[in-house]
Structures are given as structure tokens and as C-alpha cells.
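Let me begin by presenting the structure, written as C-alpha cells, before commenting on it.
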Amino acid sequence: MKHQRISGMILVLIITLFFTLWHDVARGAEVSGASAEESFRPEMEEELLFALSSLKNHLLDKTVLRPEQIEAMKASIDKHQGIFGHNERIIQSAFDLVSVYEKGMGPLWIARGGFQRNKKPPVNDIHWTLYSVMQNIMDQVYNAKNVERYPVLLDGYQFDCSAHFPGPVEPPVDPQKTYTVQIDASFPKTFGREESGYARKPTGAYLAPGSIATVIVPDALVEKGYLVRVGAHSWDNSNKPRVLRLDRSSLTYPINATTVRVASPLGGGIYIEAPYRSEAGVVEIKIRNAVRSPFFSAKPFHRTSLEEWKNHERQLKAPWADFQSEKFMMQVPTSWISKLDNPVALIRDWDSAMDALNDLMGLPHVKGRETMYLQVDLQNRARVLAPGYPTVNDRYDPRKEYDGYVDHYLIRGPQYAPDYVFHEQGHGFLFVKFGGEMESTVNLLHVAVWNQKFGYSLDEAFRASRNFNKNEHRTLDNTAVAWMTSLNFVNQTPMQPGEKAYQLKGHAKFVDIARLFGWQVLGDFWRSWNEDYEAGRPWSKHGMDIDKLSLRLSEKAGVDLTPLLAFWGTPPKNAEWLKAAVNAAKRPPSAKVYDTLTHYKALVPENKEAFRAFALKWWGKEPSPKGNWTEREHKMRWDAYDGQTADSIREAVQTIIDVYFPNGRPVAN
């Protein structure tokens with residue numbers, strides 16, 4: 001039967017192509033900005049219904065389509081995707097098609113793997129076509145209007161692929177049972193920067209796929225821009241080359257009345273989203289016909305005790321778990337945490353890390369929304385590691401058995417976090433930096449957290465900030481040697497962006513400042529720029545005037561930091577202006593800086609053997625001519641380094657000392 005052909009199907013292709021040409025030529029393009037709903041015409045519905053029913057009959061082996069005919073049907077579906085939710089007839093036809101597909105061929109991602117978008121899946125592929133149908137259903141059918149218009153149609157309808165993502169869960173035994181939770185429905189302005197978007201508030205309730213839940217809110221949230229969100233995975237993955245789930249798997253419903261009904265064929269956690277500058281405060285939310293999901297709250301008005309967690313919360317079966325404090329939030333698979341014993345200590349550690357971040361950035365500990373919001377998904381949200389709300393740089397496999405606990409930094413704590421975690425959060429702070437340091441200064445955040453909060457030495461935290469945990473040779477002193485044995489140092493040329501990015505020497509000057517004068521100096525430095533912003537004196541987050549930044553750092557340290565900055569490849573552009581400004585600010589030369597520079601001078605390798613010994617430990621091997629910037633230069637010196645080379649390096653250090661300390665070592669500071 002699958003090879004059966006009928007001559008009438010030739011007419012199908014002709015009719016479909018005719019419709020396409022007639023709409024585009026005779027009617028012209030739709031008015032710019034007008035939705036498919038606004039420009040709906042009956043013939044659009046008939047063309048879409050024809051495509052849906054033809055594909056359904058193909059799956060039922062009634063009238064089997066050839067590849068080019070499937071291609072024509074998908075073209076109609078793509079063309080009319082905006083009217084998928086227009087009326088009951090279209091919705092029912094789309095639902096029927098998906099149900100027939102799932103029954104006959106199995107659910108997407110369960111019966112077969114995902115799609116490779118960068119290989120352009122053929123439009124005549126039935127699986128890719130059904131993917132498009134399902135995404136159109138998600139995008140167009142599930143909205144507040146249709147939940148009210150078609151409750152009977154939507155109630156109980158689900159995508160079977162929901163068992164893959166976001167995961168399986170049974171509907172509540174008693175659909176009339178109401179769950180009550182308190183949330184802080186405020187998103188106030190944060191000192192130092194303007195926020196945007198929404199602050200997400202977990203409820204600990206989960207919508208089973210196909211269910212219609214009722215969310216009851218107080219009057220204070222009605223018609224104020226608040227939303228109910230179903231499904232925390234809100235990033236659109238349509239730019240991803242691999243398709244591992246529906247690109248858009250999350251839905252929002254506006255809170256325009258005290259009672260809001262929500263539905264989703266995928267299901268998902270239920271959240272309230274508070275708009276920026278909202279101030280409703282702590283309110284009570286009631287949710288009916290939803291199941292409970294694991295929820296650990298460390299909010300002042302809702303503190304989950306260790307007993308509650310062990311005896312109830314972690315035993316709940318919804319596939320995703322929420323953890324939230326005033327400073328930190330994450331969503332992780334329930335399969336990761338059902339045997340987690342002590343989330344109290346875990347969230348306390350995350351809060352401590354957030355305090356270190358905010359202290360460094362000159363921000364309050366508690367802000368308009370969480371300092372960090374981390375989430376696990378099937379794939380990262382961007383093609384590179386990236387910040388965001390939520391930040392999604394960690395993955396899981398729904399087919400894998402995690403047995404209730406996973407050895408992962410999210411579950412173990414920030415003291416086990418890899419270098420990218422706080423690096424990406426640094427980008428999210430949008431803080432002021434020296435020019436060319438976009439991918440270097442952000443590494444400092446890891447050092448601050450590990451050194452101040454979790455007992456790591458400064459060198460341990462420093463090398464871990466670029467994932468050199470296992471190379472004990474990667475110290476601050478040896479980073480100075482690596483920089484001094486670079487050509488730009490000897491030539492007294494500023495350190496270039498390519499020498500800073502993703503490398504220890506790029507943020508070493510700040511670590512040196514913290515070592516000599518304390519972390520508070522850096523916190524005061526960045527707080528001062530936030531104060532400027534609040535006072536109406538905005539700044540550029542990248543490429544600010546180097547001398548103004550150097551002056552501000554010196555002001556906060558109480559001494560002239562110019563020679564230390566010059567050593568680390570950040571010399572002044574206008575030395576005379578900066579010297580006069582530092583003197584006017586009464587910031588004297590520092591004995592600590594002087595001693596540091598003389599110490600670094602003494603570390604210069606004496607000869608080829610000493611340099612080779614250093615390089616072997618630094619790189620873990622003989623440096624390669626194909627390595628990065630500094631490694632290539634060290635390879636160039638591998639045979640050429642000698643006593644004269646050492647003298648030229650020491651001379652370069654002494655030049656800095658002579659310029660900034662003409663009277664020798666200061667007596668104090």
C-alpha cells in the first residue's frame with residue numbers, strides 16, 4: 001500500500017502550486033506588520049486544510065504522496081503557519097495529523113534522533129514536516145484566547161514527545177485540588193544599571209502535558225504587565241544547527257484577570273513573570289489542576305526546611321526542580337536532585353558566591369532580580385558560551401539514568417564551578433573595562449569568588465579562572481614571567497587584546513591589586529562607575545579612556561598604581577596628564593608596588609636553561625610554533641634566549657621603576 005499511486009495526486013501538486021502563485025501574484029504580499037489573523041481569507045484555510053489532510057492520508061496509507069508532493073504540502077504549511085490557531089476546524093485538523101503521525105511512526109526524538117538544521121533537512125521529509133506542524137501548533141494555537149474558546153478541544157491533547165522533553169509527568173489525581181504559594185511579585189530598579197524584561201518567579205507547580213490549569217492571582221497583578229509562563233526553557237533555539245526539541249517550548253499568558261487558564265501540549269513548570277519596576281510585593285498565588293514539582297526556596301517569606309526537602313519536595317515526580325533565593329536561581333532536572341541531601345548548604349554557598357560578585361562589581365547583595373539564573377537544557381542557548389536570563393551553558397541527556405544525583409557544579413556548589421561560569425556572568429554585568437579587555441577582565445570574577453569565599457589561595461583561584469587547576473606552575477609570579485618574556489614587554493609596547501583574551505596575564509593586574517591592597521579597592525573602583533551612572537554620568541563598558549580609568553583605580557587604592565599598570569602592559573596614553581592628575585589627587589608612590597616590580601625583575605630567567613625549564617612547566621610541554629600568541633613567542637625564544645635576552649628584560653623592568661620611582665623606594669604605602 002505504501003507504494004500505491006493514483007493519478008489524481010498529480011492534480012494535488014498542480015492545485016497547490018496554483019494557490020501559491022495566485023496568492024502571491026493576484027493578491028500581492030500581505031500588508032507589512034499585519035498578522036495572518038488580520039489578513040485571514042477563506043481560501044487560506046482551505047489550502048492549509050488540504051495540506052494537513054493530504055499528509056494525514058499519506059500517513060494512513062490512503063493516498064501516498066511522492067516526495068515532491070510532500071514538499072508542496074510543507075510549503076503550504078509554512079506559508080499559512082500564522083492561521084494555525086484561527087478556528088476549531090484548523091486546530092482539530094492539525095491535532096489529528098500529529099496524533100496519526102505519533103501513533104504510526106512514534107514521537108519525535110523518541111522514535112528517532114533529532115534534525116541537523118545546518119544540513120538543511122529536505123522539505124519533502126515527513127518527519128521535518130511534522131516538526132513544523134508541531135511548532136506551529138505551539139506558536140499559534142496555545143494562547144489565552146484559544147484556551148478560553150476551545151477548552152474541550154485543548155483539554156487532554158498533548159505531544160507524545162513531551163516524554164522526551166521537558167519530560168513525563170502524570171496529571172493530578174484530583175484536578176480540583178488547589179495549591180497555594182507565596183511569591184515576591186516585585187522587580188524594582190537595580191542600583192547602577194537599567195534592567196529590562198521580566199523577573200521570573202517559580203511557584204513549585206507543574207502543568208502536566210495536555211492539562212488546563214487555573215492560576216488565581218490578586219487584583220494587584222491584573223493588567224499590570226504580569227505574565228504566567230508555562231515551561232522555564234524560554235530561549236528560542238531556531239538558530240541552533242541541531243534540533244533536539246521544539247525551538248520554542250515555552251508559553252506565556254497575560255494576567256488580564258484574577259483567573260488565568262493555561263495549557264500546553266508539552267507541559268512545564270508554572271511561573272509568574274514580574275515586569276521591570278513592578279512593586280506588588282509578596283502575594284499569594286493559587287493554582288488548580290497542576291502537579292507539584294520539587295521547589296527549594298530560601299526566600300525570607302518562604303524558607304524550605306531541610307526536613308521538608310528530604311521528606312517531601314525532593315520526592316515529587318515532576319521532571320524539573322527549581323531552586324531560588326534572593327540572589328540565585330536555577331532549574332535542573334529532577335533526576336539530578338532526588339537524592340540531594342543538603343540544599344540548605346548548597347544555596348548558602350551560591351548566595352555567598354553572589355555576594356562576592358556583587359561586592360566586586362560595586363552592587364548591592366540583593367537586587368531587582370537574582371544575580372545569577374542558571375538553567376540546564378538539551379543544548380546551550382547560544383553557539384558559544386554566553387550569559388543570559390536564564391544562562392544556559394550546561395546540558396543533560398533525558399535518556400540517561402542519573403539515579404537521583406549528578407556530580408555537577410550546580411549541585412555541588414560554586415566552589416567547584418569551571419572557569420566559564422563566572423566568566424559569562426562577568427559579561428552579564430556589563431561593567432566598565434579597559435579597552436581590548438572584553439574577554440579578559442571578566443575572568444577576575446572567578447578569582448574573587450574562589451579566593452574570598454571558599455578558602456582557595458590567590459594563586460589557586462587565579463589559575464582556576466582560566467581552567468589551569470592542575471598546573472601549579474600557573475601562579476601570579478610565573479604569569480609575570482610569561483609576560484616579561486614576551487616581545488611586547490621587552491619592546492615596551494602595550495599588551496594587545498590578543499595577548500589578554502582568555503589568558504591569565506589579561507586580568508593579572510587586577511589580581512595584583514587585590515593581593516597588594518585588598519579586594520575592596522576593586523569593589524570601590526567599580527562602584528564608583530555605578531555611582532556615576534546613577535548621577536547621570538554614563539560610561540562606556542568597553543574602551544573607556546585608559547588614563548581616566550588608571551586615575552580612578554589609583555584614587556580608590558590610595559596610591560599611584562600607574563607603574564603597576566604599566567608593568568602589566570597598560571601604560572598611560574598621556575603620561576604628563578595622568579601624573580599631574582595623580583599628584584592632584586594626592587596619591588603617592590607605593591612601596592608595595594616598588595617591591596613588586598623589583599621582585600618581578602628578580603624572577604627573569606637567567607639563561608636558556610632557566611627559560612626552557614620555565615617554559616616546559618608553564619606550557620606542560622615544549623612550546624609550539626602553532627600555539628597562541630605567547631606560546632609562539634616562547635617557541636621563538638626556545639633556542640635564542642640567552643644572558644643578553646635576560647638583560648634586556650630586566651632593563652625593561654628597570655625602566656618602569658626609574659620612570660615612576662626616580663627617588664628610589666618610597667618609605668610607605
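General observations
- Estimated FRET transfer efficiency (Ser196, Asp78; beta-carbon r; R0 22 Å; 0.05): 0.10
- Measuring r between the beta carbons of Val490 and Arg277 and using R0 = 56 Å, the FRET efficiency lands at 0.55.
- Stretchable slack from Glu609 to Glu223, in nm (0.36 nm times residue separation minus alpha-carbon distance): 131.6 nm
- Of the accessible area of the chain, computed with a 1.4 Å probe over protein heavy atoms only, carbon and sulfur atoms account for 51 percent.
- Three semi-axes describe the equivalent ellipsoid of the stretch 524-669; taken as square roots of 5 times the Cα gyration tensor eigenvalues and ordered largest first, they are 35, 21, 12 Å.
- Average accessible surface area per residue within the chain, 1.4 Å rolling probe, Å²: 42
- Between the labelled values (i) 95, 56, 50; (ii) 117, 69, 55; (iii) 86, 69, 43, the entry that holds Cα extents along the principal axes in Å as derived from this structure is (i).
- By the Stokes-Einstein formula, at 0.692 mPa s and 37 °C, the stretch 427-493 with its Kirkwood radius over alpha-carbon pairs has D equal to 247 µm²/s.
- Spin-label pair Asp532/Asn311, simplified geometry with 7 Å Cα→Cβ offset, distance in nm: 5.6
- Remark: the Thr655-Asp545 segment gains 37.2 nm on full extension, using 0.36 nm per residue and subtracting the alpha carbon distance.
- From most to least packed by mean Cβ count within 10 Å, the peptides 255-268, 572-585 give 255-268, 572-585.
- If the chain linking Leu430 and Asp341 were pulled fully straight, counting 0.36 nm for each residue of separation and taking away their Cα-Cα distance, it would gain 28.5 nm.
- Pairwise centroid distance, computed over Cα atoms, of the stretch 35-114 with the stretch 633-666, Å: 73
- Taking the convex hull of Cα positions in the stretch 149-255, its mean projected area over all directions (nm²): 9.6
- A simple spin-label model places the labels of Ile216 and Gln182 1.9 nm from each other, with each point 7 Å out along Cα-to-Cβ.
- Simple spin-label estimate for Phe40 and Arg395 in nanometres, 7 Å along Cα-Cβ: 4.0
- Label zone at Asn574, where the point sits 7 Å out along the Cα-to-Cβ direction: the stretch 545-562 residues whose backbone N lies under 16 Å: 545-552
- Residues whose amide H falls under 5 Å from that of Arg242, counting only those 5 or more places apart or on a different chain, are Arg117, with hydrogens built in the peptide plane.
The values are calculated or read from the model by the stated rules, or taken from the named source; none is laboratory data. Everything quoted here is computed from the prediction, not taken from an experiment. So basically every Cβ, Gly included, is an ideal-geometry build from the backbone, and we count neighbours across all protein chains shown. Accessible surface is based on the protein model in full, side chains and every heavy atom, while ligands, DNA and RNA are left aside. Shrake-Rupley method; radii C 1.70, N 1.55, O 1.52, S 1.80 Å.
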